[in-house]
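One structure is given below, encoded as structure tokens.
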Amino acid sequence: MINLRSQREIEKMKQAGVVLASCHKELANLIRPGISSWDIDQFVEAFLQKHGATSEQKGYKGYEYATCSSINDEVCHGFPRKQPLKTGDIVTVDMVVSLNGALADSAWTFPVGNIDEETERLLTITKNALYIGIEAAQTGNRIGDIGHAIQTYVEAEGFSVVRDFIGHGIGDVIHEKPDVPHFGLPGKGPRIKEGMVFTIEPMVNAGSYDTKMDSNGWTARTADGKYSAQYEHTIAITNNGPIILTDQDQMSIYPSGV
Ligand code: MF3
Ligand code: CO
């Protein structure tokens, strides 16, 4: 069953999203060579506490940290650790924030110092892919239209879309229906309806889309060792288009003109 959320519930999720988005904006200034993903996780914990929010993923299925920090060839669910980041690295910081009982989920890939041109292009294409997916999240379309739009764009740019991890509904808990793959066929999957709230979170690999699991049972990395990037927003569907609940640029709830 796919939950449909009231305007009031969506407003509350937006408030959680504003805290999350502000945190990611702060991280953009903080992340530089010498900082570790452990430091990032500590910063996030303190930031959330300062804003009356908590980490929803700490304790979720036994996960122990406020953030997932995935470095270079790590695709997702990397553990924060003390080894300093160095110039040329990329790090994806993913977190689920809870505020007044409402959730928001967003991930962002940050460059560390100077990154090479091809890695820069990986980040740009992945971020574009997220917004292309959001654009396809219109009432009347189907969930498959989102993945199809993302896959078509990413593959035309010579990169690949990860199959093993997908977007998801979010609300009462972190992972709800619908499943939101970032690949697939147009016209397939559930019809997109007003009140749906879900994430779009393409993981894009520089090489092949295959992943392998670390021995910790959580962290996925690319099978070929090439870099992987990810951008994720939580969005709410309205008949006037999707609203980005974790937008870092526009902190008010309704897009201008709506
Ligand atoms: N945003 C992450 C996801 O949807 C959070 C997962 S919860 C965790 O995959 F426990 F894995 F961190
Ligand atoms: Co996430």
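Being within 16 Å of ligand 2 (Cβ to nearest atom) and open to solvent by less than 10 Å² (accessible area, probe 1.4 Å) holds for only one residue in G167, G195, and it is G167.
Scanning the stretch 130-160 for residues being over 22 Å from V96 (Cβ atoms) and aliphatic (A, V, I, L, M) gives a total of 5. Picking from I10, I35, which residue would you name as being farther than 30 Å from K82 by Cβ, open to solvent by 10 Å² or more (accessible area, probe 1.4 Å) and at pLDDT 95 or above? Answer to the selection: I10. Residue check: A137 meets all listed conditions (1) of a type in the set (G, A, S); (2) away from ligand 1 (no atom under 16 Å from the Cβ); (3) buried (at least 19 other Cβ atoms within 10 Å of the Cβ); (4) within 19 Å of L30 (Cα to Cα) but one, namely (4). Among the residues of the stretch 150-164, write down those that are open to solvent by less than 30 Å² (accessible area, probe 1.4 Å) and within 11 Å of L185 (Cα to Cα). Residue satisfying the conditions is I150 alone. Hey, G217 hits all of (1) away from ligand 2 (no atom under 16 Å from the Cβ); (2) in contact with an Asp or Glu (Cβ under 9 Å, 6 or more places away or on another chain) but one; which does it fall short on? Only one criterion in (1) away from ligand 2 (no atom under 16 Å from the Cβ); (2) in contact with an Asp or Glu (Cβ under 9 Å, 6 or more places away or on another chain) is unmet by G217, namely (2).
Let's see how each residue does on (1) outside any loop (DSSP other than H, G, I, E, B); (2) farther than 18 Å from H233 by Cβ; (3) within 16 Å of ligand 2 (Cβ to nearest atom):
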{"site": "G52", "(1), (2), (3)": "no, yes, no"}
{"site": "K61", "(1), (2), (3)": "yes, yes, yes"}
{"site": "S70", "(1), (2), (3)": "yes, no, yes"}
{"site": "G78", "(1), (2), (3)": "no, yes, yes"}
{"site": "R81", "(1), (2), (3)": "no, yes, no"}
{"site": "V93", "(1), (2), (3)": "yes, no, yes"}
{"site": "V97", "(1), (2), (3)": "yes, no, yes"}
{"site": "D105", "(1), (2), (3)": "yes, no, yes"}
{"site": "T119", "(1), (2), (3)": "yes, yes, no"}
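Within the stretch 46-61, the residues that satisfy the criterion of being surrounded by 16 or more Cβ atoms within 10 Å (Cβ to Cβ), in contact with a strand residue (DSSP E or B) (Cβ under 7 Å, 6 or more places away or on another chain) and not polar (S, T, N, Q) are L48, A53, E56. Among the residues making up the stretch 67-100, a single one is open to solvent by 10 Å² or more (accessible area, probe 1.4 Å), touching a Pro at 6+ places or on another chain (Cβ under 9 Å) and of a type in the set (S, T, Y): T87. Kindly check whether there is at least one residue in the stretch 28-41 that is more than 14 Å from ligand 1 (Cβ to nearest atom), in a helix (DSSP H, G or I), of a type in the set (D, E, K, R) and free of Cβ contacts under 8 Å to residues at least 60 places away in the same chain. The answer is yes; a qualifying residue exists.
Is it fair to say T139 is more than 17 Å from N239 (Cβ to Cβ), modelled with pLDDT of 95 or more and of a type in the set (V, I, T)? Spell out how you get there, then give the answer.
Working: more than 17 Å from N239 (Cβ to Cβ): no; modelled with pLDDT of 95 or more: yes; of a type in the set (V, I, T): yes.
Judged against the criteria, T139 is not a match.
The values are calculated or read from the model by the stated rules, or taken from the named source; none is laboratory data. What you are looking at is a predicted structure, and each value in this text was computed from that prediction instead of being measured. Please note: Cβ atoms are built from the backbone with ideal geometry, for glycine as well, and neighbour counts cover all protein chains shown. Keep in mind that these areas ignore ligands, DNA and RNA; they rest on the heavy atoms of the full protein, side chains included. Shrake-Rupley method; radii C 1.70, N 1.55, O 1.52, S 1.80 Å.
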